[in-house]
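In what follows, a single structure is set out as structure tokens and then discussed.
The values are calculated or read from the model by the stated rules, or taken from the named source; none is laboratory data. The structure presented is a predicted model; accordingly, all values stated were derived computationally and were not measured. We place every Cβ from the backbone using ideal geometry, glycine too, and count neighbours over all the protein chains shown. When the accessible area is computed, the model is the full protein with side chains, heavy atoms only, and any ligands, DNA or RNA have been set aside. Shrake-Rupley method; radii C 1.70, N 1.55, O 1.52, S 1.80 Å.
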Amino acid sequence: MSKAATSIGYLSAMGSVAHNIGFVTELWFMLASEAVSLVLAAVVGVLAARGRIRPRSIPQWQALLVFLAGFCLSFTGVLASLPAAASAAVLGVTYGVSSFLLCVTWLEEFAYQEPRESHKNMVAGLCIQMVVVALTSLLPTFLVPVSAMASAVVSCLCYMHVDLLASGALDAEGKGSSNRPAPSVSETFEPVTARAFVAKYGASFACLFVLVGVVGILHTSVLGSSFEHIVGGVSMWIPLAAATLVTVAAALVALRLPDPTSVYKAVLPVMLVLLSLLPFMGELLGPFAGTVMIACYDVCGMLFLFFIVDAAHCHRQQSYLLSSVYMGGSNGFLALGLGIGLLLNYLSGDYDISLMTLLAFVAIYPLCIAFVVVMRRSLQGMRRTVQAQSGGVQGAVPEISAPSAPAAPQAAPASREDASRLEGAPASPAPLEPDWEAALQAFAARYRLTKRETEICSYLVRGRSAKRIAEELVISENTVWTHTKNVYAKTKVSGKDDLINLFECEALGGGAS
């Protein structure tokens with residue numbers, strides 16, 4: 001419901017406008033909301049990075065009060081005496097504060113739920129958003145604020161109930177409980193430096209931010225021009241519905257949620273083709289091009305919410321930090337895109353340059369640059385995986401195969417390893433490198449793995465199969481599977497690939513995003 005409330009609030013500029021062009025409502029409203037979101041993101045992000053914010057310490061009722069205040073200011077006409085730009089800016093500030101708080105509080109709550117449960121709840125929320133926004137588009141103008149405020153109230157009530165359940169103040173039946181734990185700062189969050197954050201999440205955030213900027217360029221560049229119908233003719237619930245269906249399929253049907261960089265690589269060809277055709281077929285493509293590009297951005301944005309929750313849950317990062325970067329970067333790049341779009345519009349009108357050519361030229365470049373960054377990151381990840389599996393530098397353990405029968409009598413074996421070779425038993429792995437062994441032990445301690453589970457984990461993160469592990473440890477394959485399932489359960493991953501990614505990110509400090 002919070003997504004529905006913020007969507008309606010944005011598209012209607014907190015109830016102050018009846019019509020919008022694409023998602024552009026009133027520029028001063030948008031710029032003010034983006035500016036205040038940037039400030040809040042910077043403050044919360046810095047505090048979260050330094051461990052100064054307690055888990056679940058930001059209440060949602062504050063967001064509700066600000067949201068309702070914004071609609072009341074618009075609905076009652078209190079701001080009518082102000083200039084139009086000032087009135088829009090005030091409403092933009094109220095929207096920016098409320099949307100930021102609604103986003104970070106819900107993502108924080110989802111980060112504390114089990115992955116499967118949080119995914120289902122988020123999918124349900126996105127579906128509700130799609131339905132409510134679609135129905136609101138059919139309502140009379142005076143009922144739009146009512147729909148937005150009702151959605152915000154329901155969101156806050158749901159959040160309070162879920163928070164009480166999670167804290168133990170209520171039991172599963174909604175009755176009072178005396179098992180509420182004492183609040184304390186979580187010890188599970190991993191401190192992160194700016195360099196480590198960029199190395200771990202930089203490519204994923206860059207993809208989203210570039211898409212946000214390009215969509216912003218697309219919208220404001222065509223305002224007032226003969227190509228305004230490209231975005232002006234788009235009913236915003238249509239790309240939202242299409243994006244929601246794609247996201248639901250990815251979250252519920254796919255065995256594993258796609259990484260944001262993978263989604264970006266999937267939508268990039270579509271956007272490049274449309275941008276390339278706009279100078280030649282802009283009139284023909286019309287709202288179709290705008291709808292497809294907005295839907296591509298919506299898919300990436302929705303799946304990025306899942307990425308934030310998974311990163312907070314599996315990689316032990318503060319969701320407040322991830323959410324702040326997400327909100328601050330998105331709003332910053334949107335503002336940048338809007339500004340570039342206005343500049344393109346000005347250049348096209350004053351210097352008689354083809355607007356569509358300028359748009360295609362300016363939009364394609366950042367998309368391609370981000371693609372290069374993504375591919376470079378993917379190649380680095382592939383190189384690390386190959387090294388880990390074939391005995392490379394990081395964490396690789398060279399294989400020692402059992403030699404053939406000796407041609408001549410040999411002396412008695414000097415070690416257990418020599419004895420196993422002569423008896424034809426599978427060879428034991430060579431000793432682990434000290435740094436890798438320390439990383440493995442720290443990883444095992446963090447997730448409370450037993451000695452045998454740690455041993456199994458050391459093979460799993462190097463890509464070994466259950467059969468191979470059973471042969472090397474001289475145990476049954478069923479025993480290997482039992483310990484493997486325990487490792488997956490304790491680390492809260494769904495398979496070997498997820499375990500490898502988690503180990504690379506947390507223990508080795510530089511895996512894939």
With the 1.4 Å probe rolled over protein heavy atoms, region 437-513 has an accessible area per residue in Å² of 44 Å²
Here region 482-488 yields Karplus 3J(HN,Hα) values (6.51, -1.76, 1.60; θ = phi - 60°; whole Hz; Gly and Pro given as x) of 4, 5, 4, 5, 5, 4, 4
For Thr479, the accessible surface traced by a 1.4 Å probe with all protein chains present amounts, in square angstrom to the nearest 10, to 50 Å²
Looks like region 1-105, by Cα gyration tensor root eigenvalues a ≥ b ≥ c and the a/c under 1.5 rounded cutoff (else prolate when a/b is bigger than b/c, oblate otherwise), is prolate
For region 268-351, the accessible surface attributable to carbon and sulfur atoms (probe 1.4 angstrom, ligands and nucleic acids excluded) amounts in percent to 73 percent
On the accessible surface of region 35-131, probed at 1.4 Å with all protein chains in place, carbon and sulfur together account for a percent value of 70 percent
Taking Met122, Met149 and ranking on accessible area (1.4 Å, protein atoms only), highest first, one gets Met149, Met122
Rounded to the nearest 10 Å², the 1.4 Å probe accessible area of Glu437 is 60 Å²
Rounded to the nearest 10 Å², the 1.4 Å probe accessible area of Leu440 is 10 Å²
Counting only protein heavy atoms and rolling a 1.4 Å probe, one gets per residue an accessible area for region 1-153 in Å² of 43 Å²
From highest to lowest solvent-accessible area (probe 1.4 Å; ligands, DNA and RNA excluded), Phe288, Phe304, Phe280 read Phe280, Phe288, Phe304
Counting Lys and Arg as +1 and Asp and Glu as -1 over every other residue whose Cβ sits under 13 Å from the Cβ of Val212, the net charge comes to -2
Restricting to lysines and to Cα separations under 24 Å from Lys451, and discarding same-chain partners fewer than 8 apart, the set is Lys467, Lys485, Lys490, Lys492, Lys496
Karplus-derived 3J(HN,Hα) from phi for region 333-348 (6.51 cos²θ - 1.76 cosθ + 1.60, θ = phi - 60°), whole Hz, x at Gly and Pro, runs 6, 5, 4, 4, x, 4, x, 5, x, 5, 5, 4, 4, 5, 5, 5
Once phi for every residue in region 205-210 is put through the Karplus expression 6.51 cos²θ - 1.76 cosθ + 1.60 (θ = phi - 60°), the whole-Hz ³J(HN,Hα) values, with Gly and Pro written as x, are 5, 4, 4, 5, 4, 5
With the 8 Å Cα cutoff and a minimum separation of six or more residues, region 64-142 has a relative contact order in percent of 26 percent
